[in-house]
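Data block below; observations after.
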Amino acid sequence: MTFAITQNCCTDAACVAVCPVNCIHPAPGERDFGTTEMLYIDPAACIDCGACADACPVDAVHPAEELPRAQQQYAGINAAYFERSGRPVPQGAADHGPNFHAWGTPHFERVLPADFAPLRVAIVGTGPAGMYAAEDLLLHTRSEVTLVDRLPAPGGLIRYGVAPDHPATKRIGETFARFHTHPRVHMHLGLDVGTHVTAAELAAHHDAVVYAVGASTDRRLGIPGEDLPGSIAATTFVAWYNAHPEVAPDAVALSADRVVVVGNGNVALDVARILVSDPGALADTAVAGHALGELRRSKVREVVLLGRRGPEHAACSGTELLALKSLPGVGLVVDDHDPRIGAAVDSSEATEKARLFRDLPREAVDWSAPPDTSGQRPRIVFRFHSEPLEMRGDEQIRSVRATGGAGAQEIAAGLALRAIGYRGVPQAGLPFDEGSGTVPHERGRVTGRPGTYVVGWIKRGPSGGIGANRRCAAETVGTLLDDAVAGRLSAPTAGASAFRRLARRRR
Ligand SMILES: Cc1cc2nc3c(=O)[nH]c(=O)nc-3n(C[C@H](O)[C@H](O)[C@H](O)COP(=O)(O)OP(=O)(O)OC[C@H]3O[C@@H](n4cnc5c(N)ncnc54)[C@H](O)[C@@H]3O)c2cc1C
Ligand SMILES: NC(=O)c1ccc[n+]([C@@H]2O[C@H](COP(=O)([O-])OP(=O)(O)OC[C@H]3O[C@@H](n4cnc5c(N)ncnc54)[C@H](OP(=O)(O)O)[C@@H]3O)[C@@H](O)[C@H]2O)c1
Ligand code: SF4
Ligand code: SF4
């Protein structure tokens with residue numbers, strides 16, 4: 001028997017550190033780590049010890065022979081990675097046996113001078129980036145950490161973004177929560193930096209401040225009708241089904257039979273999947289009660305995913321697409337409106353992504369007709385090479401006009417969800433790059449603001465799964481500690497208890 005990594009993998013590499021035979025790849029420092037969708041276990045080297053399954057925070061590792069039906073293909077997917085990429089060249093193999101792969105010292109460790117004085121660091125944001133930075137500081141230094149979040153519950157997008165039907169992924173919140181009660185941590189929830197306390201006040205009470213504030217708003221299409229009622233950003237829809245306190249329970253009405261989703265990234269797949277899932281299957285998840293009620297009343301029969309490029313460039317990950325294909329009671333179709341689609345999918349040189357669409361039915365959809373509501377199965381239509389030109393309607397959106405192989409098409413729809421990406425917002429007291437929606441920095445150090453750092457989506461832009469923030473945090477914390485060792489940080493002018501009093505007063 002061997003173990004296999006499955007769909008939920010968020011590439012945080014926690015398993016790599018515990019594997020006694022180093023058979024999980026790509027590992028930190030190896031080519032492809034950082035761009036790969038998931039990590040893979042080499043079945044030829046795995047000795048079946050189970051340490052990786054114990055270490056995985058999102059329950060992504062299972063014995064290959066015990067994989068549930070929908071995940072069984074992952075045994076082959078793990079093995080295929082090594083067939084395709086070859087096995088890592090062992091360094092010192094003669095000394096350590098054929099399975100040894102020397103990938104160096106653990107990635108997140110660093111050596112500090114023996115007299116390194118503990119720091120007092122504020123971290124703004126309790127999403128993955130903030131929590132990985134906190135974990136790094138707490139585990140590798142004796143620093144004190146002040147965690148601040150503007151929302152009443154910690155977790156960032158783990159709590160308010162990750163889809164409720166991904167309970168294993170949401171469980172990483174429990175791993176982070178262990179640090180909320182760490183003896184060297186003080187957490188302040190419902191405290192907005194920029195509203196309740198200023199950046200200068202926060203800086204005055206700490207040696208360093210790390211901003212892990214994410215990317216909380218949506219990108220705009222810039223087309224006519226974008227603001228019509230019924231045209232909603234996916235950020236709002238996602239927050240609605242996750243019970244975000246700032247989105248009203250009645251913000252979404254599912255009274256239309258067809259929904260157009262612009263974009264085909266993982267967020268687009270999340271919202272499409274929630275729209276067509278059996279509400280009964282969502283009832284035991286963390287889905288908001290108001291959303292579950294609306295999903296039970298939903299009239300939605302068809303969700304159209306508009307991708308402006310071809311199937312070979314679909315922005316979703318292969319793992320999420322495979323999961324969608326296994327969703328019970330849902331039909332998937334590719335709109336065959338453009339000859340480039342068949343060419344990309346059927347070609348003997350089709351990319352791995354394009355090949356994933358090969359077994360889906362292709363049909364020339366008649367958009368002038370309403371969706372077929374007679375069958376029991378709702379369906380998802382992938383429409384590639386199609387960009388929205390205009391949202392049409394009077395008091396409510398009625399259709400989306402979109403480009404297509406045979407010219408622009410009018411797609412009747414009563415709801416449009418714009419899943420074209422998140423966007424960072426300016427943070428008071430910090431520089432901001434309007435183009436990228438990020439804070440300018442050098443290896444995490446905010447440009448022109450000594451003692452101030454960024455991590456996560458506000459640093460890199462809104463892309464990458466949970467695990468990407470771990471590597472990102474390692475870089476930022478490394479820079480912060482380098483600055484501390486080099487004497488580039490100013491000591492706080494007020495104490496920790498003074499900050500706690502200030503926070504209590506202001507909230
Ligand atoms: C809808 C959605 C689903 C996703 N699902 C998955 C998934 O299944 N698997 C996966 O690997 N990745 C997933 N991701 C990606 C993952 O969520 C991100 O990589 C990650 O959350 C980014 O972390 P972050 O800490 O930078 O930002 P966030 O998680 O957004 O955290 C930012 C935090 O900062 C706080 N904050 C902001 N401004 C202030 C302020 N002024 N004062 C105080 N606090 C503030 C916010 O309240 C928030 O808690 C998903 C992303 C989205 C959008
Ligand atoms: N389960 C998971 O692991 C999970 C779940 C959710 C999110 N995430 C991660 O979170 C990150 C954000 O995801 P996301 O889906 O918001 O972003 P994304 O992956 O960047 O996808 C954005 C989509 O919008 C399209 N788009 C952008 N601008 C457009 C425009 N002007 N007109 C038409 N289409 C446009 C993009 O097309 P182009 O590709 O042509 O640019 C793409 O299809 C990703 O890294 C994702 O993997 C992970
Ligand atoms: S089961 Fe053990 S040997 Fe196999 S991949 Fe996991 S940690 Fe490594
Ligand atoms: S989520 Fe992390 S620990 Fe789990 S399999 Fe993926 S890389 Fe390994």
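Points worth noting:
- Accessible area of segment 220-366 belonging to carbon and sulfur atoms, whole % at 1.4 Å probe: 49
- Alpha carbon convex hull of segment 3-96, projected area averaged over orientations, nm²: 5.9
- Per-residue HN-Hα couplings for segment 492-507 [Karplus 6.51, -1.76, 1.60; θ = phi - 60°; Hz; x = Gly/Pro]: x, 9, 9, x, 5, 5, 4, 5, 4, 5, 4, 4, 4, 5, 7, 5
- Three principal axis extents describe the C-alpha atoms of segment 121-171; from largest down they are 38, 22, 12 Å.
- Across the accessible surface of segment 3-96, with the other protein chains kept in place and a 1.4 Å probe, carbon and sulfur atoms take up 48 percent.
- Burial order of peptide ranges 290-298, 119-127 (average beta-carbon count within 10 Å, highest first): 119-127, 290-298
- Amide H partners (placed H, <5 Å) of residue 432, local residues excluded: none
- Overall form of segment 189-336 per C-alpha gyration tensor (a/c, 1.5; a/b vs b/c): prolate
- Annotation: amide H of residue 231 within the under-5 Å range of 397, 416, sequence separation 5 or more or interchain, hydrogens built in the peptide plane.
- Accessible area ranking (1.4 Å probe, heavy atoms, ligands and nucleic acids excluded), largest first, for 325, 170: 325, 170.
- Summed over the residues of the chain and divided among them, the accessible surface reaches 43 Å² per residue at a probe radius of 1.4 Å.
- Applying the Karplus relation 6.51 cos²θ - 1.76 cosθ + 1.60 with θ = phi - 60° to segment 215-230 yields 3J(HN,Hα) values of 10, 8, 10, 10, 7, 10, 7, x, 10, x, x, 4, 9, 4, x, x Hz, where x marks Gly and Pro.
- In sequence order, calculated HN-Hα J values of segment 125-142 (Karplus, 6.51, -1.76, 1.60; Hz; x Gly/Pro): x, 10, x, x, 5, x, 6, 5, 5, 4, 4, 4, 5, 6, 7, 10, 9, 9
- Gyration tensor verdict on segment 125-226 (Cα atoms; rounded if a/c is under 1.5, prolate if a/b is larger than b/c, oblate otherwise): oblate
- Restricting attention to the chain, close to 35% of DSSP beta bridges with both partner residues there are antiparallel.
- Note on segment 388-479: with neighbouring protein chains present and a 1.4 Å probe, carbon and sulfur make up 48 percent of its accessible heavy-atom surface.
- The chain - Kirkwood radius from inverse mean 1/r over Cα pairs (Å): 24.5
- Interchain or long-range residues, amide H under 5 Å from residue 123's placed H: 146, 147, 148, 210
- Rounded if a/c under 1.5, otherwise prolate or oblate - segment 282-429, Cα gyration tensor axes: rounded
The values are calculated or read from the model by the stated rules, or taken from the named source; none is laboratory data. No experiment lies behind these values; they were computed from the predicted model shown. Reconstructed Cβ throughout: ideal geometry from the backbone, glycine too, with neighbour counts over all protein chains shown. SASA here: full protein model, heavy atoms, side chains in, ligands and nucleic acids out. Shrake-Rupley method; radii C 1.70, N 1.55, O 1.52, S 1.80 Å.
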